[in-house]
1. Where Lys and Arg each count +1 and Asp and Glu each count -1, what net charge lies around residue 109 among other residues with Cβ under 11 Å from its Cβ?
2. What is the set of long-range amide H partners of residue 127 at a cut-off below 5 Å, with H atoms built 1.01 Å from backbone N?
3. Can you report the principal axis dimensions of the range 273-416 using only the alpha carbons, biggest first, rounded to whole angstrom?
4. If you take every residue apart from residue 85 with its C-beta less than 9 Å away from the C-beta of residue 85, what net charge results, scoring Lys and Arg +1 and Asp and Glu -1?
5. Alpha carbon centre of the range 189-210 versus the range 1-72: separation in Å?
6. With mean projected area of the Cα convex hull in nm² defined as stated, name the option among (i) 27.1; (ii) 19.5; (iii) 22.1 computed from the structure displayed.
7. Applying a 10 Å radius around every beta-carbon, put 339-350, 49-60, 383-394 in order of their mean neighbour count, most first.
8. As a check on your grasp of the helix formula, calculate [θ] at 222 nm for the chain: sum -39500 (n - 2.57) over DSSP H runs of n ≥ 4, divide by the residue count, round to the nearest 500.
Amino acid sequence: MSAALPAEYEALRLRIRAFIREVVIPAEPRPGVSLRRADRVALQNQAKAAGVFAPHVSKQYGGLGVPIEHWPALFMEAGYSPIGPAVLNCMAPDEGNMHMLGQIATEAQKERFLRPLAAGEVTSCFGMTEPHPGAGSDPTALSTHAERVACGWRVNGHKRFISGALNASFCVLMAKNDAVESEGVPAGATMFLVDMDTPGMRVGNDLHATDSAIEGGHPHLHIEDLFVPDELVLGKAGEGFAYAQVRLGPGRLTHCMRWLGLAKRAHDTALDRANSRELFGSPLRELGVAQELLALNEIDLETSIAITARTSALLGEDHREGEKLSSIAKVHCSEAIGRIIDRSIQLCGGDGVTDQLPLAQFAQEVRPFRIYDGSTETHKWAIAKRASSRRRREIEAGEKPLDRVDPEGRSPWDER
């Protein structure tokens, strides 16, 4: 992946690689323990001093200004440690919110919300997911409602699984809205920028998920007669579903990049074990059963890296097509990463499932990825629908269908 990087970004990749290995990994909390805020801040200050902080953020807001097509190699290096992305300030949900704020927010909103977020001074959350039957994998099922009132909106609803909300300073909150014809606002969804201490915003019970590397939890949010002034509407009212795609397409892909780094570390751990361990009188690396697992890891890594790189390049050129491919990349990578870590545990035997190695924690961290940002099954449904629609358009444009058979049972090769 690094071979195609321009020289300045290859140099940055090498700095990130060294920083993660020399500074971040020695500071990792023991498996199952979250990185404390004070420790994160201290490590972020070291990342700033090393010139590796916020690579994805524009230089105007304190980042390194790397274009999205060059993110994969950098994020993968950061993801070699489960806390690496948080230390470099390119971890979800903040990274996705930074990207969306940079694309959509007003200048005043960028100064108030993006600048401190990019600097690591605050953290954020994204308030879309709701209890059933509200929005989950289907964002159009939003039940949280925003009512137009004088000089703003009044919002009521209930969110759940809002990652990072326990420590967040503000939330990008999504709610459905009715049409306001007098103002040209269509019925749809609206995004709001809401400080977490605003009256009417209440953090509820936390959900204890398997991932625990970064503090912040996945709690409920209760929105009760929350007033949001017009100046804190993100983008245009009624167009929140379109804005969500601006965030979710790249957001799915950056998850792939980060977790690929962790899968690479798991695979490296397994390779080290295969090189150092002898079994039944032979080095483990020479046993066919071990070679099978190692080879499959290599295949899953390389194919995942390839689709991630291609999707990043496409997102930089054509967001709509890149968003479609990011769905395929998310399915492939989330499944492949889980397989890589599981095989690595198997190769390390009993040690793999203890806290003597971090592999069991890695498995816990990546398992939710097959659900977060749309489950594998939801994406497969959408991928299949798009494929069928694409082929129908091709046929309508004049291509000959390939599934036709002769009613008399004659083969098309009979006359050749």
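The values are calculated or read from the model by the stated rules, or taken from the named source; none is laboratory data. In this text, all values refer to a predicted model and were calculated from it rather than measured experimentally. With ideal geometry, Cβ positions are generated from the backbone for all residues, glycine too; neighbour counts draw on all protein chains shown. Ligands, DNA and RNA are stripped out before the accessible areas are found, and what is left, the full protein with its side chains, is counted by its heavy atoms. Shrake-Rupley method; radii C 1.70, N 1.55, O 1.52, S 1.80 Å.
1. Within the 11 Å Cβ shell, the charges total 0.
2. Those lying under 5 Å, H to H, from residue 127 are 172, 173, 174.
3. Largest to smallest, the principal-axis extents are 63, 42, 25 Å.
4. Once positives and negatives cancel, what remains is 0.
5. With the range 189-210 and the range 1-72 each reduced to a Cα centre, they are spaced 28 Å.
6. The listed entry that was calculated here is (i).
7. 339-350, 49-60, 383-394
8. -14000 deg cm²/dmol
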